[in-house]
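For reference, the structure discussed in these notes is given below.
The values are calculated or read from the model by the stated rules, or taken from the named source; none is laboratory data. All values reported here derive from a predicted model rather than from experimental measurement. Reconstructed Cβ throughout: ideal geometry from the backbone, glycine too, with neighbour counts over all protein chains shown. For accessibility, only protein heavy atoms count, side chains too; no ligands or nucleic acids. Shrake-Rupley method; radii C 1.70, N 1.55, O 1.52, S 1.80 Å.
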Protein chains: 2
Amino acid sequence: MQLTDRQKLILTLIIHEHIRTAQPVGSKSLVEKYNLAMSSATVRNEMSALTDYALLRQPHTSAGRVPTEEGYRFFVGNLVQKSGLPTNTRRTITHQFYQSRQDIEQWLRLAASVLANQSQAASLVTAPHAEKAIFKHLELIATRGRQLLMVLVLMGGEIRQQFISLSEPVSQERLSTIAAQISNMCTRCDVEKISRMRFQMDSLGKDILDILIAEMTLIQESTTGEIYLDGMTNVLSEPEFAESDEARQALHILEERSLLESLLASTVMNTDVGGIQVLIGGEGTWQELRQCSIVLARYGDPNTLTGSIGVLGPIRMPYDRTISTVRFVANVLSDLVTETLAV
Amino acid sequence: MQLTDRQKLILTLIIHEHIRTAQPVGSKSLVEKYNLAMSSATVRNEMSALTDYALLRQPHTSAGRVPTEEGYRFFVGNLVQKSGLPTNTRRTITHQFYQSRQDIEQWLRLAASVLANQSQAASLVTAPHAEKAIFKHLELIATRGRQLLMVLVLMGGEIRQQFISLSEPVSQERLSTIAAQISNMCTRCDVEKISRMRFQMDSLGKDILDILIAEMTLIQESTTGEIYLDGMTNVLSEPEFAESDEARQALHILEERSLLESLLASTVMNTDVGGIQVLIGGEGTWQELRQCSIVLARYGDPNTLTGSIGVLGPIRMPYDRTISTVRFVANVLSDLVTETLAV
DNA sequence: TTTTAGCACTCTCAAGGCGAGAGTGCTAAA
DNA sequence: TTTAGCACTCTCGCCTTGAGAGTGCTAAAA
């Protein structure tokens, strides 16, 4: 499909105008609004051609044109100019990150909040997660009676805590010794290696190690880390979600962790860090996202520790700006992660 | 305001019927639906009286009656029978908790999910939080160069992690020694006590301790722990939130952490563990909650470690059932917390 | 005194009709 | 190839209208 420059211009303008107004765009009003050096009839002819290409459609005979999903896809793929964010926006965002607490959780929360505010849509951020769980440190803390708290730190800074009930009370000294022993023995080991060390431990040590192994396996099997959401209410103010049932379906995907995970797994997980993926209208696969688009990116340290970020909004979304924002925030997070978390 | 038994009955039935249908309730249909042993005219007279008491209102002349907020309040305060949850529901819920991982985070997430599903509304759960931060254990883990990871465990199991940049690299051994020293020295101490121990430490130890103190102060100053939400999309399916702007306002309160915190602070924080608080229609104070009701409870170990749970739904909410559910889940969480977390 | 039957009245809601407005496609001229 | 002109189409808001549901009041019945 080869478009003339004029057709590209008109498509771009229609998309811009439609994003602004959420209304079908007519030939005459387009010419007036943008002072085009051609008549509405010419525009009409071009619109007709674009409609033949299935890039535009008419909601009804004799209404203006609206971009189709295909139209948006063409726009995103060929016409969107990678403008980058204005420098003062970049500065504001960077500033927020560097003045927040040095805490990965805060950063992720902040990333979600920034994405939501900048794009006025819903945002999601998953914590960085390693494909392979590598042990770093173990801590055992007696709490009361036979109860103890296990704190497991993985390479890359993932932390898991869990309560354990032992068959009999054990002193804090004994626990500390075991924890130190395991910590020394297993540093930088993966699950398999740790499993092979099991025989070296005494009975209590074996029990602890088993729990540790189970926990590490669990972490390794999960596809993403913790998920942070923000701006869910933003999408409710979009006119296409005025009847809240549409909104419900879309937001439900974010809320239901398993749905979201499989969505991420089948899309952005295959993307390289730095790359951007845009899902428009669910791409035919995701029924619940029929009315939505998602802009996704992957951040982190390729091959070791990565997470996803994304923005969910109406199909009628300012893609250029959203893509720039997502890309920028992904880069900021990548920097923070590689600076502080890397192995 | 003293109501006759018949007036109480009619109020109760109207509320039930309105909750079921979301429609104004008329005298004739009420008599038919519930096979009342009186005529519609009698019901009309009583309705008229209840309207004079401001417990009912007419959306328009000659529509049926709808309960006012005052009507719901009277209902919740006087008429709701504390039925308790059906035993098999209780069993299902308990079962879910005891078969989940022994992890406070999982429990809280599960609690939010159970509340959301049982009540088909939005739910919130805050992590148990101690009024006073009491030190339990510190761990320092070298990551790379001058970076290290500080893991702070408080009495009650609150865990905070933070990255720290030192002025120069320090070996893991040295870090472990310092961590052990601080852990021994400060167990069961509050911020003030720890501050007074500062002089005992060497320069590096002082730096660490300062960060530790800052962190503990921060935790102590925050009014709630981590917040878990679920079922936000449930409220979107209620007919009163069909125009999503109303829904937006209500859900915004949940999403904006600061709003939610001040809401909790001014309500449920003053409630005893085990008590239930019902906010109907924002009680005149919370503009954004005009269309909503919230059922709140406090769980945990009184005076030491408490959190809040709650359900947000439309004013037209099945209060009896919701209250039972919230109370039951609060009890389950209280048990779990006192069993595993208590000091 | 309380309850009920009957009736006139009110108000909403859905359906249908109508005109204004915006947009289109086509044709013929520039 | 572009444009002016024109007939045509479709939506949307507005109005009217009738059905339906509910009310309040009054007078009779219990």
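A single entry from B:V332, B:V295, B:V235 fulfils the requirement of being in contact with a Phe, Trp or Tyr (Cβ under 8 Å, 6 or more places away or on another chain) and within 20 Å of B:A130 (Cα to Cα): B:V332. Would you point out the residue of segment B:295-332, among those that are within 14 Å of chain A (Cβ to nearest Cβ) and within 30 Å of A:R144 (Cβ to Cβ), that is modelled with the lowest pLDDT? Step by step, filter segment B:295-332, then rank; the result is B:T304. Of all residues being open to solvent by 10 Å² or more (accessible area, probe 1.4 Å) and part of a helix (DSSP H, G or I) in segment B:301-331, which is nearest to A:S165 (Cα to Cα)? Just the residue, please. The selected residue is B:N331. Modelled with pLDDT of 90 or more, within 13 Å of chain A (Cβ to nearest Cβ) and crowded, with 16+ Cβ neighbours inside 10 Å: is that true of B:A112 in this structure? Answer is yes for this residue. Scan segment B:182-192 and give yes if some residue there is without any contact (Cβ under 8 Å) to a residue 24 or more places away in the chain and over 26 Å from A:T143 (Cβ atoms), otherwise no. No, segment B:182-192 has no match at all. Quick check: anything in segment B:162-169 closer than 20 Å to B:E215 by Cβ and more than 9 Å from every other protein chain (Cβ to nearest Cβ)? Within segment B:162-169 (the criterion being closer than 20 Å to B:E215 by Cβ and more than 9 Å from every other protein chain (Cβ to nearest Cβ)), the answer is yes, since at least one residue qualifies.
Considering only segment B:177-199, I want to know if a residue exists there that is within 13 Å of chain A (Cβ to nearest Cβ), closer than 29 Å to A:R144 by Cα and under 28 Å from the mean Cα position of the chain (by Cα). No, segment B:177-199 contains no residue that is within 13 Å of chain A (Cβ to nearest Cβ), closer than 29 Å to A:R144 by Cα and under 28 Å from the mean Cα position of the chain (by Cα).
Tallying residues that are under 30 Å from B:A242 (Cα atoms) and within 35 Å of the chain's Cα centre (by Cα) within segment B:1-29 yields 16.
Restrict the check to segment A:87-102 and report whether at least one residue is hydrophobic (A, V, I, L, M, F, W, C), surrounded by 23 or more Cβ atoms within 10 Å (Cβ to Cβ) and at negative phi. No, there is no match, as no residue in segment A:87-102 is hydrophobic (A, V, I, L, M, F, W, C), surrounded by 23 or more Cβ atoms within 10 Å (Cβ to Cβ) and at negative phi.
Can you give me the ranges of the helices (runs of 4 or more DSSP H) entirely in segment A:1-97 with at least 1 residues that are within 16 Å of DNA strand D (Cβ to nearest atom) and away from every other protein chain (no Cβ under 14 Å)? It comes to A:5-21, A:27-34, A:40-52. Residues of segment A:40-73 that are open to solvent by less than 50 Å² (accessible area, probe 1.4 Å) and of a type in the set (F, W, Y): A:Y72 alone. Here B:D103 fulfils each of the conditions (1) facing chain A (nearest Cβ under 10 Å); (2) in contact (Cβ under 8 Å) with a residue 24 or more places away in the chain apart from (2). Pick from segment B:221-234 the residues that are more than 9 Å from chain A (Cβ to nearest Cβ) and under 14 Å from B:S123 (Cβ atoms): which of them is surrounded by the most Cβ atoms within 10 Å (Cβ to Cβ)? Among those residues, the one meeting the criterion is B:Y228. Kindly provide the set of residues from segment A:238-288 that are open to solvent by less than 60 Å² (accessible area, probe 1.4 Å), assigned to a helix (DSSP H, G or I), farther than 27 Å from A:D335 by Cα and away from chain B (no Cβ under 14 Å), ordered by number. Selection gives A:G281, A:G282. Looking only at segment A:164-207, residues that are at positive phi and aromatic (F, W, Y) come to 0 in all.
Pick from segment A:141-184 the residues that are part of a strand (DSSP E or B) and of a type in the set (G, A, S): which of them is surrounded by the most Cβ atoms within 10 Å (Cβ to Cβ)? The extreme case among them is A:A142. Of the residues in segment A:51-71, at least one is within 27 Å of A:Q118 (Cα to Cα), away from DNA strand C (no atom under 16 Å from the Cβ) and outside the structural domain of A:E238 (by TED's automatic domain parsing).
Would it be correct to say that A:E139 is more than 9 Å from every other protein chain (Cβ to nearest Cβ) and among the charged types (D, E, K, R)? Taking the combined requirement at face value, the residue does not satisfy it.
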